[in-house]
Amino acid sequence: MSKSTSREKFLQTTARLLRERGYAATGMNEIVAESGAPKGSLYFHFPGGKEEVASLALTAAADDTCSAIRSALSNSPTVVDGLQNVFLMVLADLEKSNYRSGCPVGTVASESPEAPKVIDAVEHAFQQWQSVIQERVIRAGLRAKRADEIAEFILVQFEGALVLAKARRDSKPLLSALREIKRHLEQEGIQ
């Protein structure tokens, strides 16, 4: 297995485990076992151990999510259509995992681990996503300050609904949050 391949396998495996189990329940031995890569290469690629591999996995997952959000919002005629595409994409992944696999960033954030690099990665991810939503809402006609408030509202609704959907093993919270976001955006004059 090449160096880049084993490094990527570790990051992908870690991101998946964080989505399903969170930071505390994800161990180095699990990462090695489930990735299929040699244990020695884990410490070669990530000498900072669990905190390093988790923070880098979260950053990579957050970047992928940010790209998906940006693409959905940019390629949709309205903000609501773009958000609907994001929600439905996440819902499809959630259902595919039998409601086990949520947002790795939200899952880890709810634990508040004592791992500064991990918390920094979580904070950066949420800021990044909020900025992408804010940019799209500004293009739809809101002032920057109000657009930032609306973007934060959307992110809060999404993350909260995702937690409830996982807990209830039901899509209803995500669909309900999407309806409320749509209603809220309509009141702001945004489609």
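The values are calculated or read from the model by the stated rules, or taken from the named source; none is laboratory data. Values in this document were obtained by computation on a predicted structure and should not be read as measured data. Quick reminder, even Gly has a Cβ in these numbers, built from the backbone with ideal geometry, and neighbours come from all protein chains shown.
Descriptive notes on the structure:
- Test: VAL132 is within 22 Å of GLY22 (Cβ to Cβ), β-branched (Val, Ile, Thr) and touching a Leu at 6+ places or on another chain (Cβ under 9 Å): no
- Among residues of region 104-137, those that are touching an Asp or Glu at 6+ places or on another chain (Cβ under 9 Å) and under 26 Å from LEU185 (Cβ atoms), counted: 11
- Among the residues making up region 33-80, those that are more than 20 Å from LEU17 (Cα to Cα), part of a helix (DSSP H, G or I) and touching a residue at least 60 places away in the same chain (Cβ under 8 Å) are ILE69, ARG70, LEU73, SER74, VAL79, VAL80.
This table checks each residue for (1) among the hydrophobic types (A, V, I, L, M, F, W, C); (2) within 16 Å of MET89 (Cβ to Cβ); (3) modelled with pLDDT of 95 or more.
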site	(1), (2), (3)
LYS145	no, no, yes
ASP148	no, no, yes
LEU155	yes, yes, yes
PHE158	yes, yes, yes
ALA161	yes, yes, yes
ASP170	no, no, yes
LEU174	yes, yes, yes
ARG183	no, no, yes
GLY189	no, no, no
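- Residue list for region 16-31, filter: touching a Leu at 6+ places or on another chain (Cβ under 7 Å), hydrophobic (A, V, I, L, M, F, W, C) and either crowded, with 20+ Cβ neighbours inside 10 Å or assigned to a loop (DSSP other than H, G, I, E, B) (or both): LEU18, ILE31
- Of all residues making up region 18-30, the number that are closer than 24 Å to VAL163 by Cα and either within 19 Å of the chain's Cα centre (by Cα) or of a type in the set (A, V, I, L, M) (or both): 9
- Selection within region 73-84 - surrounded by 17 or more Cβ atoms within 10 Å (Cβ to Cβ) and either under 14 Å from ALA62 (Cα atoms) or more than 15 Å from the chain's Cα centre (by Cα) (or both): LEU73, VAL79, VAL80, GLY82, GLN84
- Selection of helices (runs of 4 or more DSSP H) fully inside region 93-191 by the criterion of at least 1 residues being farther than 16 Å from GLY82 by Cβ and touching a Lys or Arg at 6+ places or on another chain (Cβ under 8 Å) returns 104-111, 144-168.
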